[in-house]
Amino acid sequence: MTLYFEDFPQGHFGTYGPRRVSREEIIAFAREFDPQPMHLDDEAANASMLKGLSGSGWHLCAIVMRMMFDGFIGRTASLGSPGVTEMRWLAPLRPGDNLTLEVDVADERVSQSRPSTGIVTFKCSVRNAAGQVLCQMETPIIVQRRAAIAANEAV
């Protein structure tokens, strides 16, 4: 079932996961995209302020996107996003972490310039199995309105 703008009232939307992150995955992402020592090497990571091997914050962002896609965006009449309003990394991503994504709808409004669409603003938090918040994100997504789809089909 496709989700439209009208399917996103303010409040808690869903919980997704868990998703386990492996040491190999952390190192592979770092080699490709963020080759800082604390993401690649145990000795360097232990000497860093993170006190151990940790995943890149950008890796965590990619995981969040995948969890959002698998959870709901993949079946949403999404037209994309104008960007991320806020992204905060609060604690390190560690090898073996089991991540859970909490998604809330912070705001939803019909677009003034394109009334056939709406803008849904999501607030997301990722926690590890111990309940520690690793990151928080706020992002608007442009979503088609059900009424606009129905009007186009009637024509």
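The values are calculated or read from the model by the stated rules, or taken from the named source; none is laboratory data. Nothing here was measured: the structure is a model prediction, and the numbers come from that model. Ideal geometry is used to build each Cβ from the backbone, glycine not excepted, and the neighbour counts take in all protein chains shown.
Structure summary
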| item | result |
| --- | --- |
| Only listed residue being at pLDDT 95 or above, farther than 20 Å from Thr100 by Cβ and not aliphatic (A, V, I, L, M), chosen from Gly11, Gly52, Gly71, Gly57 | Gly52 |
| Failed item in (1) more than 14 Å from the chain's Cα centre (by Cα); (2) exposed (fewer than 15 other Cβ atoms within 10 Å of the Cβ); (3) more than 17 Å from Pro18 (Cα to Cα), with Ala130 passing the rest | (3) |
| Residue satisfying all of: in segment 15-54; in contact (Cβ under 8 Å) with a residue 24 or more places away in the chain and at positive phi; surrounded by the most Cβ atoms within 10 Å (Cβ to Cβ) among these | Gly17 |
| Scan of segment 139-154 for residues that are touching a Ser or Thr at 6+ places or on another chain (Cβ under 6 Å) and modelled with pLDDT under 95, ordered by number | Ala148 |
| Extreme residue, farthest from the chain's Cα centre (by Cα), among residues of segment 1-55 that are of a type in the set (Val, Ile, Thr) and in a helix (DSSP H, G or I) | Ile27 |
| Search result, residues across segment 107-127 that are in contact (Cβ under 8 Å) with a residue 60 or more places away in the chain, surrounded by fewer than 17 Cβ atoms within 10 Å (Cβ to Cβ) and either closer than 18 Å to Gly83 by Cβ or among the acidic types (Asp, Glu) (or both) | Asp107 |
